[in-house]
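Let me begin by presenting the structure, written as structure tokens, before commenting on it.
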Amino acid sequence: MQQMELLGVRVELPSNAPIVLLREMSDAARLLPIFIGAPEATAIAIALDGMTTPRPMTHDLLRNVLEELSADLERVVVTELRDKTFFAELHLLRDGSRFVLSSRPSDAIALAARTGTPIFAEESVIEEAGYTAEGNAAADQQPAEEVVEQFREFIDSVSPEDFGT
């Protein structure tokens with residue numbers, strides 16, 4: 001399992017499919033694109049921009065519920081890629097008890113963006129759907145903008161079907 005950094009969201013053209021981009025925090029610094037829904041892309045972008053809405057969005061509500069129940073979101077894990085669908089888990093701690101809940105990666109990442117919770121991905125998922133930005137000796141030393149630009153170039157050359165088995 002590898003810890004990931006949330007780089008951002010963008011829209012893949014010409015299909016207009018939103019994508020969240022994660023980058024491995026190890027020396028390999030592989031990138032993991034995950035196709036997500038438009039509402040979740042908006043929710044993640046709002047959290048990354050530090051914006052607040054007049055009324056809580058769904059992910060804000062879930063964060064508030066966790067706070068009221070004194071439950072801590074310890075980590076989010078992208079666990080699997082099966083039949084072109086990503087799966088994730090929320091790892092919670094409450095009163096000394098641990099709970100694991102199944103989640104869509106987009107919802108888990110939107111919640112993690114609001115709580116500062118670390119995001120992880122299983123090695124098998126990164127191996128299957130991740131890639132290394134071409135031409136860089138150490139992607140973790142590049143500015144985020146440069147990595148995102150390389151990601152844009154990569155996305156322009158693939159389709160969602162390329163990530164299936």
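The values are calculated or read from the model by the stated rules, or taken from the named source; none is laboratory data. In this text, all values refer to a predicted model and were calculated from it rather than measured experimentally. Note that we place each Cβ from the backbone using ideal geometry, even for glycine, and neighbour counts take in every protein chain shown. Note: areas computed on protein heavy atoms with side chains; ligands, DNA, RNA excluded. Shrake-Rupley method; radii C 1.70, N 1.55, O 1.52, S 1.80 Å.
Compute the separation of the alpha-carbon centres of region 74-114 and region 37-63 and state it in Å as a whole number. After rounding, the separation between the Cα centres reads 17 Å.
Here the Karplus relation 6.51 cos²θ - 1.76 cosθ + 1.60, evaluated at θ = phi - 60°, turns the backbone of region 53-64 into coupling constants of 9, x, 10, x, 6, 3, 6, 5, 4, 4, 4, 5 Hz, with x for every Gly and Pro.
Taking amide H positions as modeled 1.01 Å from N, with prolines and chain starts lacking one, the residues under 5 Å from GLU5 and 5 or more places away or on another chain are ARG23, GLU24, MET25.
In this structure, the amide hydrogen of GLU80, modeled 1.01 Å from its nitrogen in the peptide plane, lies closer than 5 angstrom to those of PHE87, counting only residues at least 5 positions away or on a different chain. For trypsin sites (Lys or Arg not before Pro), the sites in region 13-90 that DSSP calls loop and that have at most 16 other Cβ atoms within 10 Å are LYS84.
Taking every protein chain into account, the accessible area of region 1-108 amounts to 54 square angstrom per residue (probe 1.4 Å).
Positive contributions from Lys and Arg (+1) and negative ones from Asp and Glu (-1), summed over other residues with Cβ under 13 Å from the Cβ of LEU69, come out at -2. Per-residue extension of 0.36 nm, minus the Cα-Cα distance of MET25 and ARG55, leaves a gain of 7.4 nm for this segment.
In order along region 70-75, phi translates into HN-Hα couplings of 6, 9, 9, 7, 6, 6 Hz, rounded to whole numbers, per the Karplus curve 6.51 cos²θ - 1.76 cosθ + 1.60 with θ = phi - 60° and x for Gly and Pro.
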